[in-house]
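The values are calculated or read from the model by the stated rules, or taken from the named source; none is laboratory data. A quick note: this is a predicted structure, and the numbers were derived from the prediction, not measured. As a convention, Cβ positions derive from the backbone with ideal geometry for all residues, glycine included, and neighbour counts pool all protein chains shown. What goes into the accessible areas is simple: the full protein's heavy atoms, side chains included, and nothing from ligands, DNA or RNA. Shrake-Rupley method; radii C 1.70, N 1.55, O 1.52, S 1.80 Å.
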Amino acid sequence: MTASSTGQAKATFRISKPTRREAIAGGIVLAATAASQMLRPTRIFDRLTSEELSGAIPKVVGPYRFSSTSGLILPPRDELSEKLYDQVLTRVYEAPDAIPVLALFAYGSVQNLSLELHRPDECYPQQGFVITDPKTISVQLGRHDIPASFLTATRKDGYVEQVLFWSRIGQTFPADRVAQSLVVARENFSGRMPDGLLARISVPTRSPEHGLEIARSFLQQLVNALAPLGQRIVLGDIHKGVQST
C-alpha cells in the first residue's frame, strides 16, 4: 500500500470499537429502555400527513425553486424505517446559474429507544458511498446556533455530495448518535415520547468549502421562509427555546 492510499484509508469512514463514553452511554440507554417499558411514556404529538409536511416546508427558498422529488439518497426502506418516520419529504431545489440543493426532511411523531432517527453517516455507506472528513460544526437556525454534522460522500462512479445534517429530538439538537440516544432515554424515562426530525442539505460538488457555503446560505433562507408549522417541525417549540447536547 502506498503512502497516499494509506492516508486515504485513514480518512474514510469505518466502524470502530465503542469508546468508553459510548459504552457507558449504551449501559444507560439499556437501563432506561427497561425503565421506559415499565413507565409507558406518553405520545406528545399526532402523526403528520404527507400533505402537512409538504405544506410546512416552502417550495421557494430565496432564489431556489422546488423542481423535483427524485434523485436523493434515502434511508433504508425496511420495516424499521416505516415505523420510524411518519413522513419523508425529499426536494431538489434549483436556481439560475447555481448548483442544485438536495433537501430531505424525515419526521417521526414518536421517538423511543427502539425507534431512533437514521443518520446519513450510517445510511450513505449502505448505498455504496465512502464517507470522508466527518466533523461536527455549528449552524444557525434562525436566532439559534445548533450542532450539526458535515461530511463528504463519494460513490465509486465519482459522484460526490457535500452533506450537512442535524437531528432534533423534542426541543434538543443532539450532536451525535450517542447524544441522540441519551436524549431519547431521558425523555422516555420522564414519561414522554418526543417527536423527532432528521434534516439533511446536500450539495453535489467536489469542494467541501463551496458545498458548506451553499448549504449554510440555503438553510438560513429556508428558516426565514418557514410558516408556523414548519418552524415547529424544524426548530421544535421555539417559544421555549432551543437546547443542544
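Summary of values
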{"item": "Filtered residues of the range 140-150 (kept if open to solvent by less than 10 Å² (accessible area, probe 1.4 Å) and within 18 Å of ARG177 (Cα to Cα))", "result": "ILE146, ALA148, PHE150"}
{"item": "Selection from the range 63-109 of residues that are farther than 17 Å from LEU164 by Cα, in contact with a strand residue (DSSP E or B) (Cβ under 9 Å, 6 or more places away or on another chain), assigned to a loop (DSSP other than H, G, I, E, B) and at pLDDT 95 or above", "result": "ALA95, ALA98"}
{"item": "Any pair with Cβ under 8 angstrom, 6 or more apart, that starts in the range 48-67 at a residue that is touching a residue at least 12 places away in the same chain (Cβ under 8 Å) and closer than 14 Å to VAL223 by Cβ and ends at one that is open to solvent by 20 Å² or more (accessible area, probe 1.4 Å) and in a loop (DSSP other than H, G, I, E, B)", "result": "ALA56/ALA227; PRO58/ALA227; TYR64/ALA98"}
{"item": "Every residue from the range 127-148 that is basic (Lys, Arg) and over 11 Å from LEU164 (Cα atoms)", "result": "ARG143"}
{"item": "Counted residues, the range 44-59 - those being loosely packed, with under 13 Cβ neighbours inside 10 Å and within 20 Å of the chain's Cα centre (by Cα)", "result": "2"}
{"item": "Lone unmet requirement of (1) in a helix (DSSP H, G or I); (2) open to solvent by less than 60 Å² (accessible area, probe 1.4 Å); (3) not acidic (Asp, Glu) for GLY158", "result": "(1)"}
{"item": "Which listed residue is at pLDDT 85 or above, open to solvent by less than 30 Å² (accessible area, probe 1.4 Å), of a type outside the set (Val, Ile, Thr) and out of contact with any strand residue (DSSP E or B) (no Cβ under 6 Å at 6 or more places or on another chain), from ALA153, ALA199, ALA179, ALA175", "result": "ALA179"}
{"item": "Scope the range 183-241; condition assigned to a helix (DSSP H, G or I), of a type outside the set (Lys, Arg) and within 16 Å of THR152 (Cα to Cα); matching residues", "result": "PRO208, GLU209, HIS210, GLY211, LEU212, GLU213, ILE214, ALA215"}
{"item": "Count of the range 112-149 residues which are at pLDDT 90 or above and either of a type in the set (Ser, Thr, Tyr) or under 19 Å from ASP195 (Cα atoms) (or both)", "result": "8"}
{"item": "Cross-chain or 6+ apart pairs with Cβ under 9 Å, the range 199-210 first and within 19 Å of VAL88 (Cβ to Cβ), then modelled with pLDDT under 95 and of a type in the set (Lys, Arg)", "result": "ALA199/ARG168"}
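A quick yes/no check of all residues on (1) touching an Asp or Glu at 6+ places or on another chain (Cβ under 6 Å); (2) of a type in the set (D, E, K, R); (3) closer than 19 Å to GLU213 by Cβ:
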site: LYS135; (1), (2), (3): no, yes, yes
site: SER138; (1), (2), (3): yes, no, yes
site: HIS144; (1), (2), (3): no, no, no
site: PHE150; (1), (2), (3): no, no, yes
site: LYS156; (1), (2), (3): no, yes, no
site: ARG168; (1), (2), (3): no, yes, no
site: ALA175; (1), (2), (3): no, no, no
